[in-house]
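Undergrad: Below you will find the structure I want to go over with you.
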Amino acid sequence: MTKSLLVLACGGHGRVVADAATECGYEEIAFLDDAHDTLTPVIGFPVLGPLSLIEQLAASWPNAIAAVGNGAKRQQLFRRLREAGYRTCSIVHPSAVVSRRASVGEGVLVAAGAVINVGAKIGDAAIVNTGARIDHDCIIGSAAHIAPGTTLSGGVTVGERAWLGTGCSVRQGITIGDDVMVGVGAAVVADLTVAGTYAGVPARRLEKHA
Ligand SMILES: CC(C)(COP(=O)(O)OP(=O)(O)OC[C@H]1O[C@@H](n2cnc3c(N)ncnc32)[C@H](O)[C@@H]1OP(=O)(O)O)[C@@H](O)C(=O)NCCC(=O)NCCS
């Protein structure tokens, strides 16, 4: 039986997910995207129409993944897929290293070269992006995004929809709250529990966003 996957939507992240899915043996891939009129085909895969088709296509596309970059929107689409009866599968690129003693939720992308170590727990609809490293016992909230090359030391807790920008580093045992945004290259050495945007070494709240 052909392994098929419906990918929402076909921006940069959606294309990374579709590309990784082909490495995981998915043979038939299609996108839904609200800009479908101008977007077909995308990396060789059809764009079937807008996101409003989600409920209608559940019978013919059993597997689907929400693949938009925005965490709140991804979480919302993930829940909608579940309610519509899809299997909300995760895509783990074959070059990623995931400990058998870690757990990965549903609707997650673990991208090429990522490492998830023993005891870590990755929440539903999260992104562990290219080459990110999540060390032992970290807990990553639903729809969080660990961007390319980011390194979490052991025992870090990351809240829902938090976004840890490219190449940032987090000290062991730190807690990062829901909806926290951490800028590229930041060093997080203290808890960031209040939602907002933080950047720099050490990471501090950006005044512009305070
Ligand atoms: C932190 C971030 C969200 C701020 O974006 P922004 O709101 O558009 O902010 P601006 O670019 O206007 O910058 C505001 C100030 O913060 C500084 N700043 C922005 N990002 C910074 C960073 N990562 N580290 C240190 N300082 C930073 C700017 O230099 C500027 O300082 P100034 O006011 O003294 O000139 C953004 O720069 C960032 O790092 N995003 C993460 C992107 C990412 O990881 N993408 C991954 C895709 S997979």
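The values are calculated or read from the model by the stated rules, or taken from the named source; none is laboratory data. This structure is a prediction, so every number in the text was calculated from the model and none was measured. Every residue, glycine among them, receives a Cβ derived from its backbone with ideal geometry; neighbour counts consider all protein chains shown. Surface areas here come from the heavy atoms of the whole protein model, side chains and all, with no ligands, DNA or RNA. Shrake-Rupley method; radii C 1.70, N 1.55, O 1.52, S 1.80 Å.
Undergrad: Size of the dipole of segment 4-88 about the Cα centre, Lys and Arg at +1 and Asp and Glu at -1 on the beta carbon, nothing else charged, in debye to 20?
TA: Values: 7 positive and 9 negative charges, 78 e Å.
Dipole of segment 4-88, to the nearest 20 debye: 380 debye.
Undergrad: Sticking with this structure for a sec: Where both partners of a DSSP beta bridge lie in segment 1-66, what percent of those bridges are antiparallel, to the nearest 5?
TA: Bridges in segment 1-66 that DSSP calls antiparallel: roughly 10 percent.
Undergrad: Hey, another quick one. Mind checking which of A35, G71, F45 is farthest towards the positive end of segment 4-88's charge dipole, using Cβ charges of +1 (Lys, Arg) and -1 (Asp, Glu) about the Cα centre?
TA: G71
Undergrad: Around V47, under 15 Å between beta carbons, what's the net of Lys plus Arg minus Asp minus Glu among the other residues?
TA: Working: positive: R15; negative: E28, D33, D34, D37.
Summing Lys and Arg as +1 and Asp and Glu as -1 gives -3.
Undergrad: Could you tell me the distance between the Cα centroids of segment 16-55 and segment 139-210, to the nearest Å?
TA: 30 Å
Undergrad: In whole percent, what relative contact order does the chain give with Cα contacts below 8 Å and a gap of six or more residues? The partial results should precede the final answer.
TA: Numbers: 619 pairs, mean separation 23.0, N = 210.
Here the relative contact order equals 11 percent.
Undergrad: So what's the angle, to the nearest 10 degrees on a 0 to 90 scale, between helix 71-83 and the longest Cα principal axis of the chain?
TA: That helix lies at roughly 40 degrees to the long axis.
Undergrad: Below 13 angstrom from the Cβ of A58, what's the summed charge of the other residues (Lys, Arg +1; Asp, Glu -1)?
TA: With Lys, Arg at +1 and Asp, Glu at -1, the neighbours total +1.
Undergrad: Another question, if that's okay. Mind ranking 157-167, 46-56 by how tightly packed they are, going by the mean number of other C-beta atoms within 10 angstrom, highest first? Display every interim value, and only then the final one.
TA: Numbers: 157-167: 22.4, 46-56: 15.5.
Descending mean neighbour count gives 157-167, 46-56.
Undergrad: Restricting to DSSP H runs of at least four residues, report the calculated mean residue ellipticity at 222 nm for the chain, -39500 (n - 2.57) per run over all residues, nearest 500 deg cm²/dmol.
TA: On the way: 3 runs with 29 residues, N = 210.
Mean residue ellipticity at 222 nm (helix-derived): -4000 deg cm²/dmol.
Undergrad: Moving on to the next point. Quick one: Karplus J couplings for segment 131-136, per residue in order, coefficients 6.51, -1.76, 1.60, θ = phi - 60°, nearest Hz, x for Gly and Pro?
TA: Karplus-based 3J(HN,Hα) across segment 131-136 equals x, 6, 10, 10, 8, 4 Hz.
Undergrad: What is the helix-to-structure angle for 12-23, meaning the angle in degrees between its Cα long axis and the longest Cα principal axis of the chain, kept from 0 to 90 and rounded to the nearest 10?
TA: 70 degrees
Undergrad: If you rank D178, D37 by how much accessible surface each has, with a 1.4 Å probe, what is the order from largest down?
TA: Numbers: D178 75, D37 130 Å².
Sorted descending by solvent-accessible area, the residues read D37, D178.
Undergrad: Now, a different point. With +1 assigned to the C-beta of every Lys and Arg and -1 to the C-beta of every Asp and Glu, and no other charges, what is the dipole magnitude of the chain about the Cα centre in debye, to the nearest 20? Intermediate results must be reported in sequence, preceding the final value.
TA: Working: 17 positive and 18 negative charges, 96 e Å.
For this selection, approximately 460 debye.
Undergrad: If you add up the charges near E160, with Lys and Arg at +1 and Asp and Glu at -1, over every other residue whose beta carbon is less than 14 angstrom from its beta carbon, what do you get? Walk me through the intermediate numbers first.
TA: Working: positive: K73, R74, R79, K121, R161; negative: D124, D178, D179.
Combined, the nearby Lys, Arg, Asp and Glu give +2.
Undergrad: In addition: May I ask what percent, to the nearest 5, of DSSP beta bridges between residues of the chain are antiparallel? Please list the in-between numbers first.
TA: Values: 3 of 45 bridges.
Roughly 5 percent of the beta bridges in the chain run antiparallel, per DSSP.
Undergrad: Sort 138-144, 186-192 by packing, meaning the average of other beta carbons within 10 Å per residue, with the highest value first. Let's see the in-between values first.
TA: On the way: 138-144: 25.3, 186-192: 17.7.
So the peptides 138-144, 186-192, ranked by packing, come out 138-144, 186-192.
Undergrad: Using a 1.4 Å probe on the protein heavy atoms only, what accessible surface does R15 show? Give it in Å² to the nearest 10.
TA: Surface accessible to solvent at R15 totals approximately 100 Å².
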